[in-house]
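A short write-up of the structure that comes next.
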Amino acid sequence: MLVPTESPVELPSARYLIFAMTTESAATLPQATLCRDDIIRLLNDHGLKPTQQRLVVAEVLMTQPTHLSAEQILSALRGAGEHISKATVYNTLNALVGCGLVRQIHLDPDRSVYDSTRASHHHFHDVDSGTLWDIKPEDISFSRFPTLPEGMETASIEVVVRVRRKAS
């Protein structure tokens, strides 16, 4: 069990591997598996102090490409013996999104997941099971794009294609 401390403490990322299975990939997107030292470096490089609580949240989400809800992250941490509040998880996720280390995907008005794949990509979302599959950006093309409002520029394009199994 980990407790907040000023000194570094090892948190084996293997404790969280079960949650990586909530993501399936229809596309192979390039992103290396990250170790704790990589995550510390990324936090520092993006202006976030790598506190113990930020590290454990980031480790669950960023060790390998995955899509997880805040509740799944909180459950994984508490299941591993972490004493962390829901507010700390959400605050950390907001900080990670704010500095561009993870992406927040709004699946519907009541549900968001956090995506650790930083490369541009899109998603299939199974509305019945909640499963997400990555789609390579080159697998989607736009034949037309609307004229942007005066003085605006495109910040990003994120496509979520909602799917369900065909009725038999």
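Derivation of every value follows stated rules applied to the coordinates shown; laboratory data play no part. This structure is a prediction, so every number in the text was calculated from the model and none was measured. Here the Cβ is made from the backbone with ideal geometry for all residues, glycine too, and neighbour counts use every protein chain on show.
Each residue of segment 72-79 in order: what ³J(HN,Hα) in whole Hz does its phi give by Karplus 6.51 cos²θ - 1.76 cosθ + 1.60, θ = phi - 60°, with x for Gly and Pro?
After applying 6.51 cos²θ - 1.76 cosθ + 1.60, I find 5, 5, 4, 4, 4, 5, 5, x Hz.
May I ask you to sort Arg162, Arg118, Arg144 by Cβ crowding, counting other Cβ atoms within 10 Å and putting the fewest first?
Listing Arg162, Arg118, Arg144 from fewest to most nearby Cβ atoms yields Arg144, Arg162, Arg118.
If Lys and Arg each add +1 and Asp and Glu each add -1, what is the summed charge of the other residues whose beta carbon sits under 12 Å from the beta carbon of Leu48?
+2
Would you list Asp110, Asp115 from fewest to most Cβ contacts within 10 Å?
By the 10 Å Cβ count, ascending: Asp110, Asp115.
Starting with the highest mean, order 84-90, 67-73 by the number of other Cβ atoms within 10 Å, averaged over the residues of each peptide.
The densest-packed peptide leads the list: 67-73, 84-90.
Work out from phi, with θ = phi - 60° and the Karplus expression 6.51 cos²θ - 1.76 cosθ + 1.60, the ³J(HN,Hα) of each residue of segment 152-168, listed in order in whole Hz, and give x for Gly and Pro.
Each residue's phi maps through the Karplus curve to give 10, 10, 6, 8, 6, 10, 10, 9, 10, 9, 7, 10, 8, 5, 5, 5, 7 Hz.
Hey, can you grab everything whose amide H is under 5 Å from the amide H of Val163? Only 5+ residues off in sequence or another chain; H modelled, so Pro and N-termini drop out.
Amide H to amide H, under 5 Å and 5 or more residues apart or across chains, Val163 pairs with His125, Asp126, Val127.
Mind listing the long-range amide H neighbours of Gln64? Cut-off is under 5 Å, sequence gap 5 or more, other chains count too, H placed in the peptide plane at 1.01 Å from N.
Under 5 Å from the amide H of Gln64 lie the amide H atoms of Leu34, each far enough along the sequence or on another chain.
Give, as a single signed number, the net charge of other residues whose beta carbon lies under 9 Å from the beta carbon of Arg103, with Lys and Arg counted +1 and Asp and Glu -1.
-1
Would you mind checking which residues have amide H under 5 Å from Leu107's amide H? H placed 1.01 Å from N; only 5 or more apart, or other chain.
Those lying under 5 Å, H to H, from Leu107 are Ser112, Val113.
Which lysines, if any, have their Cα less than 26 Å from the Cα of Lys86, not counting same-chain residues under 8 positions apart?
Filter leaves Lys49.
³J(HN,Hα) across segment 35-40 via Karplus (A = 6.51, B = -1.76, C = 1.60, θ = phi - 60°), whole Hz, x for Gly/Pro?
With the stated coefficients, segment 35-40 comes to 9, 4, 4, 4, 5, 4 Hz.
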